[in-house]
Amino acid sequence: MSPVLTVESTPASDAHPDRLPAATRDRVPTDVVDRMVESGAYKAHRSSRKVFVQAVLGSFVFGAVVMLAGTIVSQTGLPFLGAVVFPMAFVIVILLGLELVTSSMGLVPLAWWRKRATGRDTLRTLGVAIAGHIVGCALFALVFWATVTEMGHTYDAPLAVWIRDLALHKTHGYQALGAGAGLSLVFLRAVLCNWLVSLGAVMGMTTRSTGARIAAIWMPIMLFFALQWEHSVVNLFVIPAAMLVGAPITFGDWWLWNEIPVLLGNVVGAAVLTAMGLWVSQRGTLPWKRDTFETL
């Protein structure tokens, strides 16, 4: 009997991955959630130094690609074209094994719930990654200032104007709505954003082909950027870069009206919608409960 007939006789959605032919195993959703746990366990057990350096380097990649997306939007007036190219940042980070805390927000808690990591390692990993992003994005914001303003000689470059407008929308725009509506809206956009971003990381686990991984990752990342939802790492670069080129934004405006609620929303989107949601949908239990497959 051919492998295809064997898979068809037991629906892939209900079969334990170990009972399927090796050739098809990497396409089974239940196998993907196992890979999520393995990836989260690896991320949780890295040294703090490695996490920090990987986060700094990942921030540089995101800063450079945001500059590219902004240049395209400034030149064409079409924000969707910026969304088309933006996923290359996530692809580079994933393929090179760099750190993006918004994907770790789903994978590392899942490893903790499955008893493959401790709560202490979970908090340490996420905390060090955020610190690395703060440093990396601040450094690349200086690079942005130096290159776009020609070392402070002009602040009217199209890219400078674009990033000022974007940062004002991400801070004063929410402030203008008031605390209730403004903070609720930015939190909701952050939840939805990292639901898609963390799905991008998971989509990259569905295949072993580099080309297919790139295509799989591209879709949800392009979607979040086109919808203008809130990503904490992007904002760690965009807002201070805008402040350096003249945006009238204070440190309090940045963290109160954007960065803090966005970080919290990103955690919820990745940990609840992606990690917990996918585990429950494929395993049928909460991630900290006994796996139904363990009794087979």
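Nothing in this text is a laboratory measurement; each read-out follows from the coordinates by a stated rule. Quick caveat: nothing in here was measured; it's all calculated off a predicted structure. Every residue, glycine as well, gets a Cβ built from its backbone with ideal geometry; the counts of neighbours run over all protein chains shown.
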Figure the gain on full extension for Leu286 and Gln175 (residue separation times 0.36 nm, minus the Cα-Cα span) and round it to one decimal in nm. 36.2 nm
Spatial separation of Cα centroids for the stretch 101-150 and the stretch 244-284, in angstrom: 12 Å
Pairwise label distance in nanometres, Gln75 with Ala146, each label 7 Å out on the Cα-Cβ vector: 2.4 nm
What's the exposure ranking of Lys115, Lys170, going from fewest to most Cβ atoms within 10 Å? Lys115, Lys170
For the chain, what does the helix formula give at 222 nm: sum of -39500 (n - 2.57) over DSSP H segments with n ≥ 4, over the residue count, nearest 500 deg cm²/dmol? -22500 deg cm²/dmol
Fewest-first sequence of His172, His153 by Cβ atoms within 10 Å of each Cβ: His153, His172
Helices from the chain with mean Kyte-Doolittle at least -1.0 and a Cα length along the axis of 30 Å or more, per DSSP H: which? 48-76, 119-148, 179-203
Give the cross-link partners of Lys289 among the lysines, using a straight C-alpha distance below 23 Å as the criterion and excluding same-chain residues fewer than 8 apart. Lys43, Lys115
Please report the relative contact order for the chain, taking Cα pairs under 8 Å with a sequence separation of at least 6, and give it as a percent rounded to a whole number. 25 percent
Taking other Cβ within 10 Å of each residue's Cβ, how do Trp288, Trp112, Trp255 sort, fewest first? Trp288, Trp255, Trp112
